[in-house]
1. Which of the numbered conditions does LEU153 fail, given that it passes all the others? Conditions: (1) touching a strand residue (DSSP E or B) at 6+ places or on another chain (Cβ under 9 Å); (2) under 24 Å from LEU386 (Cβ atoms).
2. Note down all Cβ pairs under 9 Å where the first residue falls in region 377-393 and is under 15 Å from GLY352 (Cα atoms), the second is among the aromatic types (Phe, Trp, Tyr), and they're at least six residues apart or on different chains.
3. Return only the number of the condition from (1) in contact with a Cys (Cβ under 8 Å, 6 or more places away or on another chain); (2) more than 24 Å from GLY311 (Cα to Cα) that ASP196 does not satisfy.
4. Could you pull out the residue among ALA355, ALA368, ALA361, ALA332 that is of a type outside the set (Asp, Glu), in contact (Cβ under 8 Å) with a residue 24 or more places away in the chain and out of contact with any helix residue (DSSP H, G or I) (no Cβ under 8 Å at 6 or more places or on another chain)?
5. Please determine whether any residue of region 287-300 is in contact with a Pro (Cβ under 7 Å, 6 or more places away or on another chain) and closer than 22 Å to SER181 by Cβ.
6. Would you check which residues across region 93-141 are of a type in the set (Lys, Arg) and either in contact with a Leu (Cβ under 9 Å, 6 or more places away or on another chain) or within 22 Å of ARG21 (Cα to Cα) (or both) and list them?
7. Would it be correct to say that ALA214 is out of contact with any Ser or Thr (no Cβ under 7 Å at 6 or more places or on another chain), part of a helix (DSSP H, G or I) and more than 24 Å from ALA250 (Cα to Cα)?
Amino acid sequence: MCRGGAAMKILIVDDDLIVSRRIERILSQAGHRSQVVNSAAAARAALTASHWDAAIIDWQLPDGSGLDLIHEQRRDKSVRYLYVIMLTGMSGGEHRRQGMDAGADDFLLKPLDGEELMLRIRVALRITELQKQLAARNHELAQTKRRLEEDLLSAAKVQRDLLPSEDFSFPGVTIDWFLHSCDALGGDLVTLMPIDDRRLGFAVIDVVGHGAKAAILGVQISRRFRSGNSLSRFASTISHEVLCQPSQLAMLLNDEFPMDYRNLQFFTMCYGVLDTVSGHCRYVGCGHPPPVLINGSGQARWLPVQGHPIGVMAAEKVHFQEQSCQLQRGEALVLYSDGLPEAVNAQGELLGSPALLEAMAGDPQPEAILARLDQATGAWRGHDLLQDDCTVLAMRRL
């Protein structure tokens with residue numbers, strides 16, 4: 001049993017048989033296991049064949065330099081860290097510097113002093129034990145990270161399943177949307193809710209922040225809306241009467257989702273109801289960027305909005321003012337989250353709402369609108385990652 005409580009496996013690399021056998025005997029008496037090799041080639045073979053806790057390597061070897069052998073070991077990042085004690089008869093500072101540059105951890109001078117050897121081994125034992133503990137901890141962290149990533153992927157799938165289906169359709173209107181999350185889980189939502197055979201409820205919601213906390217609140221909000229790709233599959237936990245009146249819906253959500261003051265969590269929303277037969281649209285903006293109307297000629301203009309974010313103020317202090325607009329045939333209505341105008345370039349500058357409105361102008365087909373916005377925001381950011389979720393919903397009346 002090693003006196004220090006743990007045994008090390010140590011490779012001795014020295015062509016001086018007297019010195020190497022003496023080191024082997026001292027290590028054995030202290031409870032450590034060791035093996036002697038007398039050349040660089042034999043050392044390479046031994047290091048490849050087995051794991052070692054430490055190595056005592058002579059500076060001069062018959063077939064090369066101990067420095068080169070150490071340097072080779074340090075270059076190979078795939079092997080476990082090897083604690084190296086360099087054995088040398090040269091005591092000058094320049095030699096020590098060369099040894100440290102090559103990757104040596106400690107030095108022993110010839111002629112060998114047994115007590116000095118054991119002091120160096122005690123240091124090596126302490127450091128290698130710390131290395132093993134660190135490696136074990138890193139392994140645990142890697143396993144935890146893997147499990148968290150799997151959980152995030154599962155949660156992201158749940159979140160995606162709450163979004164409208166890709167083949168969603170509704171009579172009298174063409175629709176397209178995208179949602180780009182800056183994290184695995186996002187705080188933006190898109191909701192499409194058929195109310196009857198001519199009225200469609202729609203919303204873009206932006207939970208403040210992003211990541212898991214925003215996503216959890218987003219899922220809770222989503223569960224208040226149920227959407228499908230046909231009326232027969234549609235179900236909502238909110239009454240038709242409330243769905244048809246955007247201001248009442250905003251009041252309902254404001255009561256149900258008061259701001260979490262511990263996390264300062266709330267959300268903005270633009271919710272509307274479009275009558276696809278008459279083209280009449282009623283909507284409410286709750287702290288959300290204003291919707292944009294693109295006419296048949298491709299001209300884009302903002303629509304007015306008023307209202308506080310959902311949950312920030314108590315019911316008796318808040319009023320959500322409903323707005324309306326007329327969507328002519330061939331015109332498009334666009335809702336978006338603030339991640340688009342707040343896209344940041346390499347100089348830290350925001351894209352801004354005027355530039356975003358300019359990018360929206362053009363072909364009012366929903367697919368074309370989304371493509372222009374994706375291109376404009378991507379070009380502004382360059383290769384930088386998203387700093388906020390970016391969501392766009394575009395609808396064109398037929």
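The values are calculated or read from the model by the stated rules, or taken from the named source; none is laboratory data. Treat the numbers as computed from the prediction; the structure is a model and nothing was measured. We place every Cβ from the backbone using ideal geometry, glycine too, and count neighbours over all the protein chains shown.
1. Evaluating LEU153 over (1) touching a strand residue (DSSP E or B) at 6+ places or on another chain (Cβ under 9 Å); (2) under 24 Å from LEU386 (Cβ atoms) leaves (1) as the failure.
2. These pairs meet every condition: CYS390/PHE178; CYS390/TYR336.
3. Against the list (1) in contact with a Cys (Cβ under 8 Å, 6 or more places away or on another chain); (2) more than 24 Å from GLY311 (Cα to Cα), ASP196 comes up short only on (1).
4. On the way: ALA355 fails: out of contact with any helix residue (DSSP H, G or I) (no Cβ under 8 Å at 6 or more places or on another chain); ALA368 fails: in contact (Cβ under 8 Å) with a residue 24 or more places away in the chain; ALA332 fails: out of contact with any helix residue (DSSP H, G or I) (no Cβ under 8 Å at 6 or more places or on another chain).
Of the residues listed, the single one that is of a type outside the set (Asp, Glu), in contact (Cβ under 8 Å) with a residue 24 or more places away in the chain and out of contact with any helix residue (DSSP H, G or I) (no Cβ under 8 Å at 6 or more places or on another chain) is ALA361.
5. yes
6. Filtering region 93-141 for residues of a type in the set (Lys, Arg) gives 96-97, 110, 120, 122, 126, 132, 137.
Matches in region 93-141: LYS110, ARG120, ARG122.
7. Numbers: out of contact with any Ser or Thr (no Cβ under 7 Å at 6 or more places or on another chain): yes; part of a helix (DSSP H, G or I): yes; more than 24 Å from ALA250 (Cα to Cα): no.
Criteria not met by ALA214.
Conditions (1) buried (at least 21 other Cβ atoms within 10 Å of the Cβ); (2) touching a strand residue (DSSP E or B) at 6+ places or on another chain (Cβ under 8 Å); (3) at positive phi, marked per residue:
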| site | (1), (2), (3) |
| --- | --- |
| SER28 | no, yes, no |
| ALA43 | yes, yes, no |
| ILE56 | yes, yes, no |
| LEU61 | yes, yes, no |
| SER65 | no, no, no |
| ASP68 | no, no, no |
| ARG80 | no, no, no |
| TYR83 | yes, yes, no |
| GLY93 | no, no, no |
